[in-house]
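Enquirer: The structure is given below, and queries will be raised subsequently.
Read-outs throughout are calculated quantities, based only on the coordinates presented, and are distinct from any laboratory measurement. Note that the structure is predicted; figures quoted are calculated from it, not measured. A quick note on method: Cβ atoms are made from the backbone with ideal geometry, for glycine too, and the neighbour counts reach across all protein chains shown.
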Amino acid sequence: MSLTLEQVYRVAHLARIEVSDAEALGTLDQLNQIFTLIEAMQAIDTRGVDPMAHAQDLAQRLRQDCVTESDQLTQRTAFQAIAPETEAGLYLVPRVIE
């Protein structure tokens, strides 16, 4: 697949980008090189190759799955004690839209 100069101008127009003739020609060349690379990569037979999450075979260091937070109920009670208005465990705020 290769682009034409008209297509480059069309994309620039849709993106609301003003390009000169020299910029359009340079962009056309760069985009066509990218499309050539993509076509070459798509031509490679990748059947039997497992997908990779990363280019290097790395493992994440994991931490122990243990509780580090205290009881949320007591924290909520402490936070609501300093709130202007609460009711049934909820914060009451002034009506903004009527």
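Enquirer: Between residue 96 and residue 18, what is 0.36 nm times their sequence separation minus the Cα-Cα distance? Round to one decimal in nm.
Expert: 23.7 nm
Enquirer: Further question: Starting at the first residue of the stretch 54-64, write each ³J(HN,Hα) from the Karplus equation 6.51 cos²θ - 1.76 cosθ + 1.60 with θ = phi - 60°, in whole Hz, x for Gly and Pro.
Expert: Whole-Hz 3J(HN,Hα) from phi for the stretch 54-64: 8, 5, 10, 7, 10, 10, 6, 6, 10, 8, 5.
Enquirer: Towards the positive end of the charge dipole of the chain, with charges on Cβ (+1 Lys, Arg; -1 Asp, Glu), say which of 82, 44, 62 has the farthest Cα.
Expert: Most positive-ward Cα: 82.
Enquirer: Please turn the phi angles of the stretch 81-98 into ³J(HN,Hα) values with the Karplus equation 6.51 cos²θ - 1.76 cosθ + 1.60 (θ = phi - 60°), one per residue in order, whole Hz, x for glycine and proline.
Expert: 5, 9, 7, x, 8, 9, 7, 6, x, 10, 8, 9, 10, x, 5, 9, 10, 9
Enquirer: Continuing with this model, one more query. Compute the acute angle (0 to 90°) between the alpha-carbon long axis of helix 21-42 and the principal axis of greatest extent of the alpha-carbon atoms of the chain; round to the nearest 10°.
Expert: The helix 21-42 is inclined about 80 degrees to the chain.
Enquirer: Does anyone have the angle between helix 5-14 and the longest principal axis of the chain? Alpha-carbon axes, 0 to 90°, nearest 10?
Expert: Orientation of helix 5-14: about 20 degrees from the principal axis.
Enquirer: In addition: Mind listing the long-range amide H neighbours of residue 86? Cut-off is under 5 Å, sequence gap 5 or more, other chains count too, H placed in the peptide plane at 1.01 Å from N.
Expert: Sorted by chain and number, the residues that satisfy this are 92.
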